[in-house]
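Read the figures in this text as sums done on the coordinates, not as results from a lab. The structure displayed is predicted, hence computed values, not measured ones. Glycine gets a Cβ as well: all are built from the backbone with ideal geometry, and neighbour counts include every protein chain shown.
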Amino acid sequence: MHRITRSACLFQAMVILLMMFTLNSARAAELAGHIIMVKGDVTAQAADGSSRNLKRRDEIYPSDTIRTGTGSRVQIRFIDNALLALQENSQLSIHAYQQADADGKGGKVLMELVEGGFRTLTGSIGKGNKEAYRVDTPVASIGIRGTLYSALLAKGQLMAGVWKGGITLSSDQGDFNLGQNADFNFGVLGNTGFQGMLEAPQALDNADSDVMPDSMSTTGSENPDGSTPPPGTATTSPATTVLNNTSGDNKVPPPLDQDADSGHEDTLKEAGNLIDNTPPDGGDGGDGGDGGPVITSPDLRLSSEEFTAFLTSTSVGSIIVNGKAIPVSAFRDERGEPVFVSVDDNNGIDITRYSGTTDSTLLPEMADIAGIEWGIWNGSAEAPVSQLLEESSLVVTAVESPVMWVIANPALEGNIPTSGSVYFGGTQALGTDSKGNALLSASGNFDLDFATGIVSNGFLSADYADGSGSQSIGGNFWNADFTGTIRAGGANGKNTALVQMQFGTGYHGESSALDAVASQFSGVLVAPSGGVFAGSFNLIDMDGNSAAGIVVWPQQVRTGQF
């Protein structure tokens, strides 16, 4: 187990969890992405020559070659949240798709468009190191500068267009930039040279088209004086000699798929969180109809059904166990009871589960907007709370103290505001102290500035029973002030659902000061736009006493609104 102040952010922890599982020696291959939409005949051919028909939520691996038939298309969400829509009669080979390590090194995307075309919104790989991303074609290689772009092969030519950001087409005829800080947003490259364009040609703007009009190979191919430009010379027709604006922010093309049955997630968005939080379709994966294919578990502690549930779950939260508040991801076992997965100090995986029946509460005033659920596990010899702390080992460590927990679906990154100031506050709480005294009442509040991600003016007060069941008067009362942030790691400048707090001054009763370093407080923003805070705290005083609790505070608008 580990302290919140030394852990990665919650979403980073979830990535580590997935990596630790999938990097297990039992893994068949490293994941490159998942299918989010299929129409028609779409197949994937593996390196050994075997072929499989693709359907929604199927996995894609490095060394796969994806093929679409006539009237068919597919959309893929890659592990770095990139989206790619492959058009009909296309072939795309994935040679490498690798996330960077903790130091930002080793990330790599190498794909090859053999025929046809695609539109893509690139992900995190390549943003820091542009050399890490490349798409090869028979005509030229495509490099990125952080972008939304399209590419189409037809009649021995490569047509490309940039809707946001920039790309570079590299061939033996030279390097040609499109989009940001370039003269053109669109262009055609072939054996006769490069032709730059200011407007999207019809073939590229139409996501269903796979044919380049004959006129496209000749329009604007002559200089104003009638001479033919040498290969590699960027040209325009006399009517379009103005330079492109260099903002690199062009009109985004229509959705890649606008069919009524495709679902909202099939729109290639210019911005917003790209994590797929849609529950798996039922009955399409041979798992008894409860959603998607069952994947063989690489860890003895989880059954195949549990491992599948873990991979597809969107629930996150926090547990208080053995005196520590720990961020977790959560899924339901076959009984419908929550199982918690967390990361320890050595990046190992801990699993916490309960043999009894959970007496949990779905907070009624939050249920419609957030679905927040909380509870306390009071284990016994007959129904223990247990932890499995060693990977692929069924050795059980019993938990002797109550375990408190809260779970919910976090607000997506793209839905979290980037401006405005919000006040969170409330009295919803439950908890117990280290002597088994119940939390009688609690209240708290804090301000959150979405523009900076800074939490300020935080205050928490909690009153626990004094041992006789009656309310204490000063003797078992805790209070503390705190600050915090919703900027993951404090360096990437992005708001996340995770809220990390740091305590300042505080007291237990009338005499014992708070140990601000040892005490912990963290949580997540939930509901569609982060309108509710759900968190857990563990307070420790200088005499070694502790008190823990779960809080749920809705937002109260003060100086801004979203």
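In nm, to one decimal, how far is the modelled label at Thr427 from the one at Ser141, with both set 7 Å along Cα→Cβ?
With each label placed 7 Å out from Cα toward Cβ, I get 6.6 nm.
Which distance in Å, rounded to a whole number, links the C-alpha centroids of segment 110-143 and segment 412-460?
First find each Cα centre; the distance between them is then 43 Å.
Report the extension gain between Ser434 and Glu305 in nm, rounded to one decimal, defined as 0.36 nm multiplied by the number of residues separating them, less their alpha carbon distance.
Stretched out fully, the Ser434 to Glu305 stretch lengthens by 42.8 nm.
Step through the table entries Lys55/Lys494; Lys39/Lys105; Lys39/Lys108, compare each Cα-Cα distance with 31 Å, and write down the pairs that go over it.
From the list (Lys55/Lys494; Lys39/Lys105; Lys39/Lys108), the Cα-Cα distance tops 31 Å for Lys55/Lys494; Lys39/Lys105.
Please work out the FRET efficiency for the pair Ser461 and Ser393, using the Cβ-Cβ distance as r and a Förster radius of 45 Å; give the result to the nearest 0.05.
0.60
Under a plain spin-label model, where a point goes 7 Å from the Cα along Cα-to-Cβ, how far apart in nm are Val114 and Ala46?
1.8
At a Cα cut-off below 23 Å, give the lysines reachable from Lys435, other chains included and same-chain residues fewer than 8 away excluded.
Lys324
Explain nothing, just the number: dipole magnitude of segment 304-557 about its Cα centre with +1 on each Lys and Arg Cβ and -1 on each Asp and Glu Cβ, in debye rounded to the nearest 20.
500
Given 4 °C and 1.567 mPa s, how large is the Stokes-Einstein diffusion coefficient of segment 304-557 in µm²/s, with Rh as the Kirkwood radius over Cα pairs?
70
Less than 14 Å Cβ to Cβ from Ala140, Lys/Arg counted +1 and Asp/Glu -1: what total charge do the surrounding residues give?
-3
For each of Tyr507, Tyr354, Tyr149, count neighbouring Cβ atoms within 10 Å of the residue's Cβ, then give the residues from fewest to most.
Lowest count first: Tyr507, Tyr354, Tyr149.
As a footprinting exposure proxy, order Arg73, Arg353, Arg56 by other Cβ within 10 Å, with the fewest listed first.
By the 10 Å Cβ count, ascending: Arg56, Arg353, Arg73.
With a point put 7 Å past each Cα toward its Cβ, work out how far Asp333 is from Ser380 in nm, to one decimal.
1.7
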